[in-house]
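Below you'll find the structure, written out as structure tokens, and then a few comments.
The values are calculated or read from the model by the stated rules, or taken from the named source; none is laboratory data. Quick caveat, the model's predicted, so the values are computed rather than measured. We place every Cβ from the backbone using ideal geometry, glycine too, and count neighbours over all the protein chains shown. Calculation scope for accessible area: heavy atoms of the full protein, side chains included, ligands and nucleic acids excluded. Shrake-Rupley method; radii C 1.70, N 1.55, O 1.52, S 1.80 Å.
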Amino acid sequence: MKDSVSIRYATSADVRTLVDFRIAMFRDMGWTDEVRLAELAPRYAEYVRDASSRGDFVAWIAEKDGRAVGGAAVLWERVPPTVRNLNGRQAYVLSVYVQPESRRRGIAHALLDVAVSYAKDHGAEVISLHCSPEGQTLYERYGFRASPEMRLFTEPASAAWTPRATGRTAAEDAD
């Protein structure tokens, strides 16, 4: 990293910061429905508290000069065992976010290093994530590859999503 940034485990005192980063992430991806974002905030905060207390969610905060500038998390998922994942436990990396003024300094890569190392050290045979078009290059350089996963959204995409140049909507790219 070009700047001196430290990464630490997030605590219960960081839930608001994790929520704020997630909301900012969706805004950066083109979400404009502020009512929906306001509805998301308390639900995500409750989820983080609950999943953290069960040990299913671990997050990190990147700090520069004592100020939070980014974050990332790992969610543990139980899935049916497969030939590539016999233990049926996979890590899902989510909410990798760095504030705009701190981007292009290696912080997202450092957060990804911490999250992937944690997942591997705790037995993950599979690590997955969903990425925005802006983050795709980082993840591909790291070794993540596109998979044949498909999705069906049972609710029509909101007009609050801005279409992406890829022909997919931001909703299709979101985690």
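Between the beta carbons of H122 and R36, assuming R0 = 35 Å, the FRET efficiency works out to 0.60 to the nearest 0.05.
Output the relative contact order of the chain, whole-number percent, from Cα pairs under 8 angstrom with separation of 6+ residues. That works out to 23 percent.
Suppose R0 equals 25 Å; then what is the FRET efficiency for D28 and E149 from their Cβ-Cβ distance, rounded to the nearest 0.05? The formula returns an efficiency of 0.65 here.
Within the listed set R67, R22, R49, the residue fluctuating most in the Gaussian network model of the chain (springs between alpha-carbon atoms under 10 angstrom) is R67.
Dipole check for the chain: with +1 at the C-beta of Lys and Arg, -1 at the C-beta of Asp and Glu, and the Cα centre as origin, the magnitude is about 340 Debye.
On full extension, the segment bounded by H130 and D113 gains 4.5 nm, given 0.36 nm per residue less the C-alpha separation.
Using the Cβ-Cβ distance between S53 and R104 with R0 set to 45 Å, the FRET efficiency from 1/(1 + (r/R0)^6) comes to roughly 0.80. Residue separation of T17 and L138 scaled by 0.36 nm, minus their Cα-Cα distance, works out to 41.3 nm of gained length. Heavy-atom accessible surface of the chain, averaged per residue, reaches 59 Å², computed with a 1.4 Å probe.
Projection of the Cα convex hull of segment 84-140, averaged over all directions and equal to a quarter of that hull's surface, yields 4.2 nm². Inter-label distance, R78 to S6: 3.7 nm, where each label sits 7 Å from its Cα along the C-beta direction. Estimated from helical segments only, the mean residue ellipticity of the chain at 222 nm is -11000 deg cm²/dmol, where each DSSP H run of four or more residues counts as -39500 (n - 2.57).
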